[in-house]
Ligand code: VGL
Ligand code: ZN
């Protein structure tokens, strides 16, 4: 059994002061650094959008945090965030990025958002992470990071569906909690067989 720590989107735009700030998003950074040595592999994800991305409200002349219909289903429209090469897209400066074996970027396709580290929001276009994990013999994943109810949730559910043993450590995640999204995420992850640990 080989066990990876999958650290989701600990980036400036999801921390206080950022474009899509998650309350206390920066509180988890020290705790994440502290557990990195416990794992066989450390993998970071990085939300990585081109300017004018289809998940941005400005692209549609709409208000942020409203819903639109995409060919692949409903999509929340976000404030512009994590634009390729900007400081907002950079990892939090205290995150121990040097400890990572792998950094996987997602959301670079202008027409499709990608919450999950495994598949774009069409639920079919792979990011390549599954192949990376399988070829390294990794069968067990612990997820932490931002945001609990979006990218952590989607990544955890996809990982469980793919057959990995998945735990989410909630004390090292922070949520957007928009319109009941946190409760729905906890229910969805539990339903998918993810072990949702409070500590
Ligand atoms: C995320 C919304 C948009 C996340 C990324 O990392 O949870 N949420 N892009
Ligand atoms: Zn995004």
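Rule-based calculations on the coordinates, nothing more; no lab input. Fair warning: this is a prediction, and the values are worked out from it, not measured in the lab. Here the Cβ positions follow ideal geometry from the backbone for every residue, glycine too, while neighbour counts run over all protein chains shown.
Can you tell me which of 80-86, 193-199, 114-120 comes out highest on packing, and rank the rest after it, using the mean Cβ neighbours within 10 Å? It would help to have the intermediate numbers written out before the result.
On the way: 80-86: 18.6, 193-199: 14.0, 114-120: 25.1.
Ranked from most to least packed, the peptides come out as 114-120, 80-86, 193-199.
How far is it, in nm, from the label point at residue 58 to the one at residue 183 when both lie 7 Å from their Cα along the line to the Cβ?
Computed distance between label sites residue 58 and residue 183 equals 3.4 nm.
What's the exposure ranking of 177, 9, going from fewest to most Cβ atoms within 10 Å? Before the final figure, lay out each step's value.
Numbers: 177 15, 9 29.
With the fewest neighbours first, 177, 9 line up as 177, 9.
Given axes a ≥ b ≥ c from the Cα gyration tensor, I'd like to know whether the stretch 89-174 is rounded (a/c under 1.5), prolate (a/b larger than b/c) or oblate.
Values: a/c = 1.26, a/b = 1.08, b/c = 1.17.
It is rounded, given that a/c, with a ≥ b ≥ c, falls under 1.5.
Mind running the shape call on the stretch 65-114? Use the C-alpha gyration tensor, a ≥ b ≥ c as the square roots of the eigenvalues: rounded below 1.5 for a/c, prolate if a/b tops b/c, oblate otherwise. Please list the in-between numbers first.
On the way: a/c = 2.90, a/b = 2.05, b/c = 1.42.
Note, shape of the stretch 65-114 comes out prolate.
Helix 181-191: angle to the longest alpha-carbon principal axis of the chain, degrees 0 to 90, nearest 10?
Once rounded, the angle reads 40 degrees.
In nanometres, what is the gap between the two model label sites at residue 162 and residue 3, each 7 Å from Cα along Cα-to-Cβ?
Simple spin-label model gives 2.0 nm for this pair.
Going by a ≥ b ≥ c, the root eigenvalues of the Cα gyration tensor, does the stretch 1-151 fall in the rounded group (a/c under 1.5), the prolate group (a/b larger than b/c) or the oblate group? Intermediate results must be reported in sequence, preceding the final value.
Details: a/c = 2.23, a/b = 1.40, b/c = 1.60.
Oblate shape, in that a/c is at least 1.5 and b/c is the bigger or equal ratio.
From a point 7 Å beyond the Cα of residue 132 in the direction of its Cβ, which residues of the stretch 104-121 have a backbone N at a distance under 15 Å?
104-108, 115-120, by backbone N distance to the label point.
Can you give the extra length, in nm with one decimal, that the chain gains between residue 70 and residue 171 once fully stretched, where that is 0.36 nm per residue apart less the Cα-Cα distance? Can you show the working numbers first?
Values: separation 101, 0.36 × 101 = 36.36 nm, distance 3.29 nm.
Additional length available on full extension: 33.1 nm.
Grab the DSSP H runs of the chain that are 4 residues or longer, score each as -39,500 (n - 2.57), total them, divide by all residues and round the 222 nm result to the nearest 500 deg cm²/dmol. Intermediate results must be reported in sequence, preceding the final value.
Values: 5 runs with 38 residues, N = 199.
One gets -5000 deg cm²/dmol as the mean residue ellipticity at 222 nm.
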